[in-house]
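This report refers to the structure that appears directly beneath it.
The values are calculated or read from the model by the stated rules, or taken from the named source; none is laboratory data. Predicted, not measured: the structure shown is a model, and the values here were computed from it. All Cβ positions, glycine included, derive from the backbone under ideal geometry; neighbour counts span all protein chains shown. The protein model used for the area step is the full one, side chains on, heavy atoms only, and it has no ligands, DNA or RNA in it. Shrake-Rupley method; radii C 1.70, N 1.55, O 1.52, S 1.80 Å.
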Amino acid sequence: MIAQAAHPCWSCKGPVPAGAPFCSTCEAVQPPGQVDHFARLSVEARYELDLAELDRRYFALQRRLHPDRFATRTPRERALSQQQATSLNEAYETLKDPLRRADYLVHLKGAGVLPEGCDLIADPVVLMEAMEMRERLGETESPAEVDAIADETSRDMRNCVDELRSAFAANELATACRLTTRLKYLTKLAGEVKARRARLAAS
């Protein structure tokens, strides 16, 4: 995991724990630092997250760090609040999305997943599945046929997320990496389904 040691507050020089957005002594906003997304939102680094709790933590921090609250502060405080808000938004958007969360977590655990797929496992089954689904989609001639593929893709994505939960819970990194790759393909296919539906509607 990405972590930083405690550092002195830039304002009062008192100690500030790694990742803390404010100094507990003088309450000055701090630089965002290099803590990972889970630590930034104070949630356990795991795939299975309580999304309602994630929302609660995010919106509470967002209210405290919003740049509008620092409009009358010094230029340094305004800049730091903007940096904190940007880092917070990136962490939240990553952890809230099932695919981005899986991708981020396998990287934290030391595996690499390329944009096109996984560089830890070359899985011909996943690749063949993606090719066959795209061929089927390309051959569709009616909205009903596209809807059938859309339903199948949505079901496969839900199942893939369920399998990711189990793989991460069992610390099976190779399986999690393969499933992350499959979820990338399925997510891309879902976008292609929308585009195909729009083309059929326009024809």
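Remarks
- Cleavage-rule hits (trypsin sites (Lys or Arg not before Pro)) in the range 50-110: DSSP loop, at most 16 neighbouring Cβ within 10 angstrom: Arg73, Lys109
- Percent carbon-and-sulfur accessible area, the chain, ignoring ligands, DNA and RNA, probe 1.4 Å: 53
- Here the relative contact order of the range 1-113, from alpha carbon pairs under 8 Å that lie six or more residues apart, stands at 24 percent.
- Taking Pro31, Pro75, Pro21 as the candidate residues, the one with maximal mean-square fluctuation in a Gaussian network model of the chain, Cα springs under 10 Å, is Pro75.
- Cα long-axis angle, helix 173-202 against the chain (0 to 90 degrees, to the nearest 10): 70
- Taking every alpha-carbon pair under 8 Å whose residues sit at least 6 apart, the range 82-203 reaches a relative contact order of 35 percent.
- Hydrodynamic analysis of the chain uses the Kirkwood radius over alpha carbon pairs. Inserted into Stokes-Einstein at 37 °C and 0.692 mPa s, it gives a translational diffusion coefficient of 169 µm²/s.
- Per residue, in Å², the accessible surface of the chain once ligands and nucleic acids are set aside, probe 1.4 Å: 56
- Compared with the dominant Cα axis of the chain, that is its longest principal axis, helix 51-65 is turned about 40°.
- Stretching Leu127 away from Asp147 to a fully extended chain increases their span by 5.0 nm, per 0.36 nm per residue minus the current alpha-carbon distance.
- Between Leu173 and Ala6, the simple spin-label model (points 7 angstrom out along Cα→Cβ) gives 3.1 nm.
- Relative to the longest principal axis of the Cα atoms of the chain, helix 124-138 runs at roughly 70 degrees.
- Relative to the compact-globule estimate of 2.2 N^0.38 Å, the Cα radius of gyration of the range 83-203 comes out at 1.18.
- Between the range 32-101 and the range 125-196, the Cα center-to-center distance that results, in Å: 30
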